[in-house]
Amino acid sequence: MKLLVCGGAGFIGSNYVRYVLNERADDSVVVLDKLTYAGNRANLADVSEDPLFEFVMGDIADATLVRDLMREVDAVVNFAAETHVDRSILFPEEFIRTDVVGTFTLLEAVRDLGVPRYLQISTDEVYGYILEGKFTEESPLDPSSPYSASKAGGDLLVLAYYRTFGVPALVTRSSNNYGPYQYPEKLIPLFITNALDDLPLPVYGDGRQVRDWLHVLDNCAAIDIVLREGAEGTVYNVGGNCELENIGVTRAILAEMGKPENLIEYVDDRPGHDIRYALEIDRIRELGWEPSTDFTEGLKDTIRWYIENEDWWRPLKDRAFREYYEKQYGER
Ligand code: NAD
Ligand code: TYD
């Protein structure tokens, strides 16, 4: 199969590209990525010489470019998005442009060219939060942030293109991922890299919000099985069965790193902060998938990866990141 992987230079996308090139000997991959602050060629350094891999820098909202790239592909997997909730609160416009208009641009090309398969990587955040029980794929969408609202817009467009035009599309909605190559603005890599520098770990509000943690390689396996075996027009929840309060994750990081709890700093809560996410995953289980990484082990491996790959993350905490961080928290 020849895959076009949009957003393949980001965290999950780059792990997925590596997964496909390792696991699927007959597949080739073209990555289309705009290389925003979150996109990084270094994420794909180890596959860059592979003859079955090609990189194209560009925007999913560029209709001419995406049509050119789609002419001979068997499937499109769309990871490309603006992804950080806090940034969406500060600068929402780019989220609408990429997550909604970019997705629309891809769908139009898929429809016109008759591309045989399209998989949209969506998120559990489109459901909003749930205090008890779990979201099924039939739960109504009720997003809270500009990020989750823009992702819901893209997600619903995909389902509408299936229903209206018969575009052969599927959607995964996964819970919070963690693992190697995650940009150090998200909770786990931010806290690991701050702890390495003995900087404060800013816990929002009371830290009692719950996220369901999924190792990125488990998500890659789920994405791959849905791409190849999922039913068209269908949404698949992908959860880790691992609900933890943020403060619990924070303490686990500090304990594993041998750092003191007085690095924890409670800061103002995120506006519109979702209290709890939880997913029912029976549908994807029927495809033979289960999350298989134990969180304690996965976290240990992730911490080790950040310790061993300081050359990767240190430049990312550079001027652009600091500017954003200081805008949010003030100078330190
Ligand atoms: P990321 O921010 O690490 O990477 C996003 C990638 O998309 C980057 O390489 C960036 O350069 C690229 N990109 C952004 N705008 C683009 C555009 N207009 N055209 C082309 N490329 C563009 O994100 P991630 O954490 O890897 O998330 C990937 C996908 O998975 C996203 O769609 C996200 O909503 C979804 N998701 C993420 C999580 C998570 O925990 N990280 C959970 C559920 C769903
Ligand atoms: P994040 O990694 O931004 O993912 P999402 O908002 O998409 O779930 O945040 C995970 C949780 O951690 C979320 O409840 C917000 C919280 N959080 C903090 O408490 N402090 C931080 O500095 C960050 C980035 C997140």
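The table for this structure:
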read-out	value
Using a Förster distance of 41 Å, the FRET efficiency for A45-T164 (Cβ separation, nearest 0.05)	0.50
Probe 1.4 Å, all protein chains present, accessible-area order of T234, T302, T136, largest first	T136, T234, T302
Normalised contact order of the chain, rounded percent, pairs of Cα under 8 Å and 6 or more residues apart	17 percent
Computed over the chain, Cα set: Rg, Dmax in Å	18.9, 57
Contour minus Cα-Cα distance for D318 and R285 (0.36 nm per residue)	7.8 nm
Relative counts (whole %) of C-alpha pair distances in segment 172-264, using bins that are 10 Å wide	15, 41, 27, 13, 4, 0
In nm, spacing of pseudo-spin labels at D197 and E326 (7 Å Cα→C-beta vector)	1.2 nm
Tilt relative to the chain, helix 319-329 - C-alpha long axis, 0 to 90 degrees, to 10	60 degrees
Degrees, to the nearest 10: 146-165 long Cα axis against longest axis of the chain	20 degrees
Vicinal HN-Hα couplings computed from phi for segment 73-79 (Karplus, 6.51 cos²θ - 1.76 cosθ + 1.60; Hz; Gly/Pro x)	8, 8, 7, 10, 10, 9, 8
Square roots of 5 times each gyration tensor eigenvalue, C-alpha, segment 209-306, largest first, Å	30, 17, 10
Sites E265 and R71, calculated FRET efficiency, Cβ-Cβ separation with R0 45 Å, nearest 0.05	0.30
Sequence of E132, E125, E297, E280 from largest to smallest accessible area, 1.4 Å probe	E132, E297, E280, E125
Per residue solvent-accessible surface (Å²) - the chain, probe of 1.4 Å	42 Å²
Mean Cα-pair separation over length for segment 1-58, i.e. relative contact order, pairs under 8 Å, 6 or more apart, %	39 percent
Debye log10 I(q)/I(0) at q = 0.17, 0.31 Å⁻¹ for segment 1-49, Cα point scatterers	-0.42, -1.27
Extension gain (nm, one decimal) between M1 and E108, 0.36 nm per residue minus Cα-Cα	36.4 nm
For segment 12-75, average projected area of the Cα convex hull in nm²	4.6 nm²
Segment 48-133: relative contact order in percent, alpha carbon pairs under 8 Å with at least 6 residues between	40 percent
For segment 29-150, alpha-carbon Rg over 2.2 N^0.38 Å	1.18
Sum of -39500 (n - 2.57) over DSSP H runs of 4+, divided by residues of the chain (222 nm, nearest 500)	-11500 deg cm²/dmol
R117 accessible area, 1.4 Å probe, all protein chains in place, Å² to nearest 10	40 Å²
Computed P(r) (all Cα pairs; segment 99-213; 10 Å bins; percent)	12, 35, 30, 17, 6, 1
Zone residues, segment 205-231, relative to I247, backbone N less than 15 Å from point 7 Å out along Cα-to-Cβ	205-211
Sparse-neighbourhood loop sites, trypsin sites (Lys or Arg not before Pro) in segment 181-274 - DSSP loop, at most 13 other Cβ within 10 angstrom	R208
Helix 11-23 vs. the chain, principal-axis angle (Cα, 0 to 90°, nearest 10)	60 degrees
Percent antiparallel among DSSP beta bridges (both partners in the chain, rounded to 5)	10 percent
Length added when fully stretched, R24-E138, from 0.36 nm per residue minus Cα-Cα	37.8 nm
Of K2/K317; K134/K300; K151/K259; K134/K317; K151/K300, pairs whose Cα-Cα distance is over 32 Å	K2/K317; K151/K259; K134/K317
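The values are calculated or read from the model by the stated rules, or taken from the named source; none is laboratory data. Predicted model, so just to flag it, every value in this text is computed and none were measured. No Cβ is skipped: glycine too gets one built from the backbone with ideal geometry, and neighbour counts run over all protein chains shown. Protein only, heavy atoms only, side chains kept; ligands, DNA and RNA dropped before computing areas. Shrake-Rupley method; radii C 1.70, N 1.55, O 1.52, S 1.80 Å.
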